[in-house]
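Heads up, the thing below is written out as structure tokens.
The values are calculated or read from the model by the stated rules, or taken from the named source; none is laboratory data. Bear in mind that the values here come from a model prediction, so they are computed numbers and not experimental data. Glycine gets a Cβ as well: all are built from the backbone with ideal geometry, and neighbour counts include every protein chain shown.
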């Protein structure tokens with residue numbers, strides 16, 4: 001994949017403004033309270049939800065947390081690319097890794113609020129809310 | 001400092017190289033340089049100043065390059081202007097040379113060639129000349145620039161100190177020459193340091209904060225200890241209670257009437273425990289599946305992406321299995337896929353070329369094929385995940401049901417035992433239930449204690465870090481305090497001594513001025529003494545104790561000034577010559593006479609630039625025994641140049 | 001008054017103060033003679049020097 005200097009990237013960014021949501025869903029030792037094992041899992045789910053609801057949000061210019069790309073592995077990376085292809089409707093985007101990552105970041109930045117609403121703000125334990133979301 | 005020799009080169013009206021040797025004899029230490037007005041006395045005086053201090057210090061220096069020298073050279077050629085001074089100080093011999101060059105232009109104007117340069121050499125015992133790398137520093141240690149005007153003395157300024165408005169000048173003279181300035185600046189800077197340290201100190205946390213933090217951490221440690229102790233207690237209580245329950249179980253089992261019930265209860269409790277464990281495991285398992293929830297939700301997106309990829313392939317934009325390299329090879333070998341050769345300009349060639357041009361870049365091609373494969377794998381995994389989760393959820397429901405059933409039965413059994421006709425059974429059962437309740441609340445308490453302990457640990461960690469920082473600060477604060485104290489004490493010492501020192505000096509100068517003034521003026525004047533009061537007014541007091549200044553003649557005022565200056569020279573103990581440029585010009589002859597009688601004794605080397613008018617008759621005779629060297633400056637109207645002539 | 005005479009003014013004071021003042025007076029002398037105008041650069045240097053001297057005096 002071509003990576004020109006300007007868009008060369010080896011990580012995705014999460015806006016620090018939403019990090020409390022990420023932490024709330026992974027911190028607790030009780031599995032019913034923390035359905036997710038890693039931030040990457042949340043990120044990918046958020047990106048998918050964002051895309052599903054057709055909502056994208058730019059990251060603020062403030063502080064950010066990063067997830068290195070190698071954490072995503074093959075399949076995670078594949079999903080990121082799929083999002084980019086679905087979003088642009090074309091394969092040309094595959095040549096710009098920077099764009100692929102930005103698309104995923106922005107969908108994730110919108111989708112994370114869906115996750116918050118459905119898992120944390122609803123009654124019941126996040127784990128069961130998540131299962132409900134998946135099986136509906 | 002004793003001046004030995006001054007050499008001028010192309011300096012103003014001094015064309016070429018010309019030299020003056022000053023008299024250094026201990027008795028005949030006066031050098032007289034005669035010249036009519038405009039003949040170059042002032043130029044030579046300026047030359048001396050310039051050599052020592054440079055153009056940045058000497059005011060109104062104007063053009064230094066000899067005009068005659070400029071005339072004599074061709075356009076494009078250089079003129080060197082320099083002044084060289086040989087002098088000695090503290091038994092050391094020095095030679096100093098300041099120079100500047102200029103270029104003559106075609107139109108006759110002068111362009112500076114370089115900035116002025118100065119070099120200084122010190123002659124050591126063997127006769128070798130050692131470089132002094134910082135001539136300015138050396139000169140300023142011998143005769144500082146800011147006091148030079150009191151020794152290299154411009155005659156025009158002779159009555160500067162005796163005017164009524166001269167208070168500030170008098171004060172400044174004393175301040176500078178007697179180095180009060182140094183004390184004053186030292187005090188000022190020490191006070192500045194004091195301010196700075198204080199400011200820093202205020203910002204630095206000291207002991208107070210450290211103590212507060214140490215208090216806090218002690219408190220947290222107490223809380224932690226308490227929680228841990230209680231935790232251990234509660235654990236013991238739980239154990240005890242459980243033990244009691246086991247004992248009661250044993251007793252109930254031994255009672256024939258209820259034995260069976262009891263046994264059943266024990267079995268059910270065991271089963272419930274197992275089921276509970278199962279439930280926990282299930283939840284964990286479910287969590288491992290839900291963590292990759294994205295796989296499930298991504299399904300339609302993957303499908304969509306795959307569709308696009310397919311679409312591109314169908315449209316022929318991505319050769320499905322024909323790669324760019326292959327097509328390039330064909331073109332090169334001019335052979336079709338089927339093996340049939342074709343011509344370079346033929347239609348087959350053209351179509352292959354089109355195919356190649358329309359195909360996407362190699363890198364993208366690979367990318368696309370890889371992505372396609374990835375996504376297909378992804379899709380398969382996603383479907384699996386969802387069905388697994390459903391299965392596990394169902395299991396969870398089953399286990400929950402089982403537990404419900406078990407608990408229901410357990411309640412029934414408890415009721416039966418509670419309601420037993422046998423008193424002791426009822427008692428035992430009641431006790432057992434109490435213990436059960438106790439255990440349950442203990443467990444809750446343990447959980448809460450765990451929370452407290454964790455929180456206390458975190459706090460302790462945080463406070464420890466803060467204490468380390470505060471300790472550093474506190475040390476810093478102590479250090480700053482010490483520095484502050486020192487600066488304060490230093491400034492205070494100067495404060496205490498300054499006035500006293502200033503007064504001491506003022507009185508010394510007053511006394512000396514008085515002495516000199518008396519020796520210079522007409523003996524039977526009606527003046528009593530010279531006064532230099534705390535208001536720094538230099539005045540002459542008559543026998544009635546009043547200031548006589550308005551009644552001083554111009555000449556007397558000038559003599560007063562001169563007395564003051566020479567008094568300062570003596571009190572300051574600067575080893576410097578007195579160089580005076582036409583100092584007698586405005587004095588009456590009788591003042592001139594008395595001054596010339598006394599001046600030589602006031603200094604170790606005296607250099608006088610005088611007009612013939614100034615030094616005549618008795619004045620001349622007074623100086624005569626002390627004159628060691630004499631020169632005349634001859635100005636040639638035609639050339640505009642001065643020549644130095646030894647007399 | 002010669003520069004070493006200046007330091008003598010303080011001969012009744014504790015040695016630390018004497019040393020401090022002697023050093024500071026010496027610096028001031030140097031800077032007065034080296035800098036005819038008081039520009040802010042010299043001021044800063046003096047402050048740094050005085051700070052150094054005080055620092056060093058603290059160790060005594």
Would region C:9-23 turn up any residue that is at the interface with another protein chain (Cβ under 8 Å from one of its Cβ atoms), within 29 Å of residue B:173 (Cβ to Cβ), in a helix (DSSP H, G or I) and at pLDDT below 80?
no
Given (1) in a helix (DSSP H, G or I); (2) in contact with a strand residue (DSSP E or B) (Cβ under 6 Å, 6 or more places away or on another chain), number of the condition residue B:490 does not satisfy
(2)
With respect to residue C:54, is the statement that it is at the interface with chain B (Cβ under 8 Å from one of its Cβ atoms), modelled with pLDDT of 65 or more and under 24 Å from residue B:142 (Cα atoms) true?
no
Tell me, please, whether a residue that is outside any loop (DSSP other than H, G, I, E, B), over 30 Å from residue B:280 (Cα atoms) and under 12 Å from the mean Cα position of the chain (by Cα) can be found in region A:34-46.
no
Matching helices (runs of 4 or more DSSP H) fully within region B:150-263 where at least 3 residues are within 14 Å of chain C (Cβ to nearest Cβ) and modelled with pLDDT of 80 or more
B:180-203
Identify, by number, the condition in (1) away from chain B (no Cβ under 11 Å); (2) buried (at least 16 other Cβ atoms within 10 Å of the Cβ) that residue A:45 doesn't meet.
(1)
Output the residues belonging to region B:6-28 that are under 29 Å from residue B:601 (Cα atoms) and out of contact with any strand residue (DSSP E or B) (no Cβ under 6 Å at 6 or more places or on another chain).
B:26, B:27
Count of residues meeting criterion [exposed (fewer than 15 other Cβ atoms within 10 Å of the Cβ) and touching a strand residue (DSSP E or B) at 6+ places or on another chain (Cβ under 9 Å)] in region A:18-40:
1
Residue hits (region B:268-325; modelled with pLDDT under 90, part of a helix (DSSP H, G or I), more than 10 Å from chain A (Cβ to nearest Cβ) and touching a helix residue (DSSP H, G or I) at 6+ places or on another chain (Cβ under 8 Å)) are B:324, B:325
Output the qualifying pairs, or none if there are none: Cβ atoms under 8 angstrom, residues six or more apart or on different chains, first residue in region B:362-375 and more than 9 Å from chain A (Cβ to nearest Cβ) and at pLDDT below 80, second residue surrounded by fewer than 16 Cβ atoms within 10 Å (Cβ to Cβ) and in a helix (DSSP H, G or I).
B:362/B:325
Could you please let me know if residue B:116 is more than 14 Å from chain C (Cβ to nearest Cβ), on the phi < 0 side of the Ramachandran plot and at pLDDT below 80?
no
Taking the condition surrounded by fewer than 20 Cβ atoms within 10 Å (Cβ to Cβ), at pLDDT 75 or above, more than 14 Å from chain C (Cβ to nearest Cβ) and in contact with a strand residue (DSSP E or B) (Cβ under 9 Å, 6 or more places away or on another chain), does residue B:132 pass?
yes
Restricting to region B:377-436, what's the tally of residues that are in contact (Cβ under 8 Å) with a residue 24 or more places away in the chain and within 14 Å of chain A (Cβ to nearest Cβ)?
14
Consider only pairs whose beta carbons are under 9 Å apart and that are at least six residues apart or on different chains; among these, list those whose first residue lies in region B:268-284 and is without any contact (Cβ under 8 Å) to a residue 24 or more places away in the chain and whose second residue is surrounded by 16 or more Cβ atoms within 10 Å (Cβ to Cβ) and not in a helix (DSSP H, G or I).
B:280/A:31; B:284/A:31
Output the number of the condition that residue B:480 fails; it satisfies all remaining conditions of (1) out of contact with any helix residue (DSSP H, G or I) (no Cβ under 8 Å at 6 or more places or on another chain); (2) at pLDDT 80 or above.
(1)
Among the helices (runs of 4 or more DSSP H) contained in region A:56-136, which hold 3 or more residues that are more than 13 Å from every other protein chain (Cβ to nearest Cβ) and at negative phi?
A:97-115
If I ask for residues that are in a loop (DSSP other than H, G, I, E, B) and under 41 Å from the mean Cα position of the chain (by Cα), which ones from region B:88-99 would you list?
B:90
Can you give me the number of residues within region B:180-201 that are within 22 Å of residue B:170 (Cβ to Cβ), buried (at least 17 other Cβ atoms within 10 Å of the Cβ) and in contact (Cβ under 8 Å) with a residue 40 or more places away in the chain?
3
Which one of these does residue B:420 not meet: (1) in contact with a helix residue (DSSP H, G or I) (Cβ under 8 Å, 6 or more places away or on another chain); (2) assigned to a helix (DSSP H, G or I); (3) over 29 Å from residue A:77 (Cα atoms)?
(2)
For region B:458-490, give me each residue that is within 14 Å of chain C (Cβ to nearest Cβ) and over 30 Å from residue B:193 (Cβ atoms).
none
